[in-house]
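Worksheet: one structure, shown below.
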Amino acid sequence: MLEWSTALTTSQVGADDPFTASTAAPQYQVSLTAGTILHNTKTPLTVWFWAAYLAVTDKRGISALLLQRQLGLSRYETAWMLLHKLRRAMVNAVREPCMAMWRSTTPGLVSWASC
């Protein structure tokens, strides 16, 4: 049985679909995808999970065109949107920029460069 932090369970709402459950009172709707990059998506969750798997396992990175072909998507825009949202979600927002000091072959010349 699946439980939420508010102690609302799928057995209490009589849900057949574990991803969206409505309570008896129409003012409450519970969704496991709420507040995530999957919220309000029309793309099946299995496609999202396959896209995430392909994005993180390809050593060189995956293009939207290759993702479209691998997943059998009819629209390039869907593949691009999937990759864009996945890549944005994987970025650490509090990261510090990488700075590196390097010396040139010219004596006394030192420069800073971003990584």
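Read-outs: derived from the displayed coordinates by stated rules, not from any lab. As the structure is a prediction and not an experimental result, all values here were calculated from the model. Every residue, glycine as well, gets a Cβ built from its backbone with ideal geometry; the counts of neighbours run over all protein chains shown.
Values as computed for the structure displayed
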read-out	value
In order through the range 72-84: 3J(HN,Hα) via Karplus (6.51 cos²θ - 1.76 cosθ + 1.60), integer Hz, x for Gly, Pro	x, 7, 7, 10, 4, 4, 5, 5, 5, 5, 4, 5, 4
Ascending count of other beta-carbon atoms within 10 Å, so fewest first, for THR43, THR78	THR43, THR78
FRET E, pair TYR53, VAL94, Förster distance 25 Å, beta-carbon r, rounded to 0.05	0.45
³J(HN,Hα) computed for each position of the range 31-42 - Karplus, 6.51 cos²θ - 1.76 cosθ + 1.60, integer Hz, glycine/proline x	9, 6, 8, 4, x, 10, 5, 8, 5, 6, 8, 9
Separation of the ALA34 and GLN70 label points, Cα + 7 Å toward Cβ, nm	3.3
Stretch gain in nm, segment TRP80-THR46, where the contour uses 0.36 nm per residue and the Cα spacing is subtracted	10.6 nm
